[in-house]
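Quick notes on the structure that follows.
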Ligand SMILES: *Cc1c(COP(=O)(O)O)cnc(C)c1O
């Protein structure tokens, strides 16, 4: 199908998802084969071995690159595999500038896996792009950020940081897991790479672990394809099919996530038991104006500080019935979690404190249920927290 000029919600359903030419099947077939027949040595139809390439994976990669507006996409077995594959394109002695508020597992890759191999990283708050420019050193080979960040939902100026990176001849990688291409396309603002945990919104149903990198540049994509096949952290054909299936409804899902989150963020902001709310759609949020400029909607993630500390937070998380107490995010179902104990436990206590992740800090992944039910469920949590 000619996809030029088609809108994002159409691309979710049709990009790289042609009816199967042999049978006419409307849905992309799951190609489970590990190997592909060759007419003679080296004479094949584009596939020889499934680690190097697989038709279902190709379909998924095609859809992701269309959605992000990239030139190439490379799918991985998890978001962490995508992240580590990007980082393994660097060398020992290289230096990376990293946003200070990144996914706990991303921090762990830098700190516990690649630091011993000689990859150096500096974590910094990228709210002021000037600080990013000042932090670039002679060995800096990559800038890495997440926006909105996790779990503080800080907003970083992708265009300004991409411009600084371009002038310094350093690629900028943006983890776009929280926003998804429906709300934000980092390549349009000059980023070189977009990284996803497809486990989250892209698949959207909490039943796959997967990842991907989308690149704007041929040389970088070639290197990533090489690492995909060489390191072998590839997704199964079944998982690729599942993510493709989830992607079809990404457009409508994101609209409902944003709709519900906007309403709940207002409820939280007015609530007497809430100290502070972090949501880029609230005018009180430090990144409100920036989010309005680079995003089509403030997303479905909300963090807040509950009064009453740990006891209140634990009571809250045990009392809600629709918001399940679980890690992860981006599924159709609502989840609530305690970053200090759960997702961000791998961060040193001082780093958590510096970011503002205290004992009463709760992160919500707002699902697409009826918002009145969600409001009532939060009230159940507040009621329990009051009685601690
Ligand atoms: C979950 C997540 C990851 C890691 O992805 P996995 O699929 O769990 O390996 C990376 N970045 C962000 C922002 C995430 O939320």
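The values are calculated or read from the model by the stated rules, or taken from the named source; none is laboratory data. This is a predicted model, so every value here is computed, not measured. Don't worry about glycine lacking a Cβ; one is built from the backbone with ideal geometry, like all the others, and counts go over all protein chains shown.
Out of all the residues in the stretch 265-272, is one or more over 19 Å from residue 206 (Cα atoms) and in contact with a helix residue (DSSP H, G or I) (Cβ under 7 Å, 6 or more places away or on another chain)? The answer is yes, given that some residue of the stretch 265-272 is over 19 Å from residue 206 (Cα atoms) and in contact with a helix residue (DSSP H, G or I) (Cβ under 7 Å, 6 or more places away or on another chain). Go through the residues of the stretch 218-230 one by one and say whether even a single one is within 14 Å of the ligand (Cβ to nearest atom), out of contact with any strand residue (DSSP E or B) (no Cβ under 9 Å at 6 or more places or on another chain) and over 13 Å from residue 173 (Cβ atoms). No, the conditions are met nowhere in the stretch 218-230.
Of all residues in the stretch 31-42, none satisfies the criterion of being touching a residue at least 40 places away in the same chain (Cβ under 8 Å) and assigned to a strand (DSSP E or B). Restricting 160, 173, 191, 165 to those that are assigned to a helix (DSSP H, G or I), more than 10 Å from the ligand (Cβ to nearest atom), in contact with a strand residue (DSSP E or B) (Cβ under 7 Å, 6 or more places away or on another chain) and modelled with pLDDT of 95 or more reduces the list to 165. Just so you know, in the stretch 194-217 the residues that are assigned to a strand (DSSP E or B) and more than 13 Å from the ligand (Cβ to nearest atom) include one that is farthest from residue 328 (Cα to Cα), and it is 215.
Sort through 241, 201 and tell me the only one that's in contact (Cβ under 8 Å) with a residue 40 or more places away in the chain, surrounded by fewer than 23 Cβ atoms within 10 Å (Cβ to Cβ) and on the phi < 0 side of the Ramachandran plot. Sole residue among the options that is in contact (Cβ under 8 Å) with a residue 40 or more places away in the chain, surrounded by fewer than 23 Cβ atoms within 10 Å (Cβ to Cβ) and on the phi < 0 side of the Ramachandran plot: 241.
Going by what's in this entry, would residue 180 be described as at positive phi, buried (at least 19 other Cβ atoms within 10 Å of the Cβ), touching a residue at least 60 places away in the same chain (Cβ under 8 Å) and within 16 Å of the ligand (Cβ to nearest atom)? So residue 180 fits the description; yes.
So, residue 19, is that one in a loop (DSSP other than H, G, I, E, B) and either modelled with pLDDT of 95 or more or at positive phi (or both) or not? In short, no. Count of the stretch 223-238 residues, restricted to those that are in contact (Cβ under 8 Å) with a residue 60 or more places away in the chain and assigned to a helix (DSSP H, G or I), is 9.
Whether any residue in the stretch 345-367 is over 24 Å from the mean Cα position of the chain (by Cα), within 20 Å of residue 204 (Cβ to Cβ) and assigned to a loop (DSSP other than H, G, I, E, B) is what I want to check. Looking through the stretch 345-367, none of the residues is over 24 Å from the mean Cα position of the chain (by Cα), within 20 Å of residue 204 (Cβ to Cβ) and assigned to a loop (DSSP other than H, G, I, E, B). A single entry from 386, 363 fulfils the requirement of being surrounded by 14 or more Cβ atoms within 10 Å (Cβ to Cβ) and within 16 Å of the ligand (Cβ to nearest atom): 363.
Yes/no per residue for (1) over 15 Å from residue 183 (Cα atoms); (2) in a loop (DSSP other than H, G, I, E, B); (3) modelled with pLDDT under 95; (4) over 18 Å from the mean Cα position of the chain (by Cα):
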| site | (1), (2), (3), (4) |
| --- | --- |
| 253 | no, no, no, no |
| 259 | no, no, no, yes |
| 268 | yes, no, no, yes |
| 276 | yes, no, no, yes |
| 281 | no, yes, no, yes |
| 284 | yes, yes, no, yes |
| 293 | no, no, no, yes |
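Filtered by the rule that a residue be out of contact with any helix residue (DSSP H, G or I) (no Cβ under 8 Å at 6 or more places or on another chain) and more than 14 Å from residue 258 (Cα to Cα), the stretch 279-302 gives 283, 286, 287, 288, 289, 290, 293.
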